[in-house]
1. Using 0.36 nm per residue, how much length does the chain from Met121 to Ala135 gain when fully extended, once their Cα-Cα distance is taken away?
2. For the chain, calculate the relative contact order in percent as a whole number, restricting contacts to Cα pairs under 8 Å that are 6 or more residues apart.
3. Report the local net charge at Pro263: Lys and Arg +1, Asp and Glu -1, summed over other residues whose C-beta lies under 10 Å from its C-beta.
4. Once each part is reduced to its C-alpha centroid, what is the distance from segment 180-256 to segment 72-136 in angstrom?
5. Put +1 on the Cβ of each Lys and Arg and -1 on the Cβ of each Asp and Glu in segment 180-321; which of Ala283, Val319, Gly239 then has its Cα farthest toward the positive end of the dipole?
6. Compute the semi-axes of the equivalent ellipsoid of the chain, taking the square root of 5 times each eigenvalue of the Cα gyration tensor, and list them largest first in whole Å.
7. Quick one: go through segment 299-321 and flag any residue whose amide nitrogen is under 18 Å from the point 7 Å out along the Cα-to-Cβ line of Ser268.
8. Can you list the aspartates and glutamates whose alpha carbon is less than 16 Å from that of Lys297, not counting same-chain residues fewer than 8 positions off?
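The values are calculated or read from the model by the stated rules, or taken from the named source; none is laboratory data. Worth saying up front: this structure is predicted, and the values here are computed from it rather than measured. FYI the Cβ positions are ideal-geometry reconstructions off the backbone, even for glycines, and counts take in every protein chain you see. The accessibility values were calculated without ligands, DNA or RNA, using every heavy atom of the protein model including side chains. Shrake-Rupley method; radii C 1.70, N 1.55, O 1.52, S 1.80 Å.
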Amino acid sequence: MKSPLLSLPGAVPGEGPDEGVAAHYGDLFREQRALADGTGFVDLSHRGVVTVTGADRLSWLHLLLTQHVSELPPGQATEALILSAHGHIEHALYLVDDGETTWAHVEPDSQGDLIAYLESMKFFYRVDIADRTDAYAVVHLPAGSITEAPEDAVVRETPHGRDLFLPRERLTAFAEASGPPIGVLAYEALRVEAHRPRVGLETDHRTIPHELGWIGSAVHLQKGCYRGQETVARVQNLGKPPRRLVFLHLDGSEVALPSHGAPIRLASEGEEGRQLGFITSSARHHELGPIALALIKRNVPVDADLIADSTAAAQETVVEP
């Protein structure tokens, strides 16, 4: 879905999973600084929006999600995962309930598969599931923002800022009143800095929640059964995940950032050494310079110097080995 805000001055279209909204509006570092200072807004209108209504919505979602949501208070934000039967991450849902409807935004173009799964699990429960992507746009206001949310927007407030579910026809008017607009590259740089994983970037077909540090924030360990729960419990109680998320400071002398999937190796073994993992996200940060997240084998020493393709990388621990 192409955002009307791509017609704003300086807008450069995003690519890959963020196609359809602006990557930036002409000054990446200025936009990052504004976002970090709590000003402006980010157009995330390419993300999928799914709602669940009905008297059983929370108790039903509680059976399917990794998070404890059966008693979720109105207005309280949370996040949750849907796992495969083997415990691999399939969807991440960023949730809020307004007292009548549970709202979630998800990765772009993933709402169709998510809804198909939810529909297959309705059984006799009093729930209705809807794709509201055509009607609602997601907009992000950073932490510290004094911009008031429109009365007809549903607000999901987190430590990182507020996500608004805004009627899509109001998006242009909201942008005019709430600038400056900030592109997704700035938003992604701050996400990488905060070590927050994203499905489709930090995950592959076999990623489990422990590898990304999603235990606690998105996975509740004291709730009832859900698909994939056996894997979560077994790893939590009896073992360690095979891989772990790390934060990387990259060599700033390189012109290009290592792309998603770039192999990680020990610096001591060089570019022909064993592959130990891969880059999941990379960004240019206004203060830290080039940074990245990577998924590497758990037994890689925490003080080992690494290379991503040919770029030197110093690691910081996100998930303990």
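1. Numbers: separation 14, 0.36 × 14 = 5.04 nm, distance 2.46 nm.
Computed gain between Met121 and Ala135 is 2.6 nm.
2. Computed over the chain, the figure is 18 percent.
3. Working: positive: Arg265, Arg274; negative: Glu271, Asp309.
Charge balance near Pro263 sits at 0.
4. Centre-to-centre (Cα) distance: 19 Å.
5. The residue sitting most towards the positive pole is Gly239.
6. Numbers: eigenvalues 199, 154, 45 Å².
Values for the chain, descending: 32, 28, 15 Å.
7. Of the residues in segment 299-321, 299-308, 312-316 have backbone N under 18 Å from the label point off Ser268.
8. Counting by Cα, and skipping residues close in sequence, Lys297 has these aspartates and glutamates nearby: Glu202, Asp204, Glu211, Glu269, Asp305, Glu316, Glu320.
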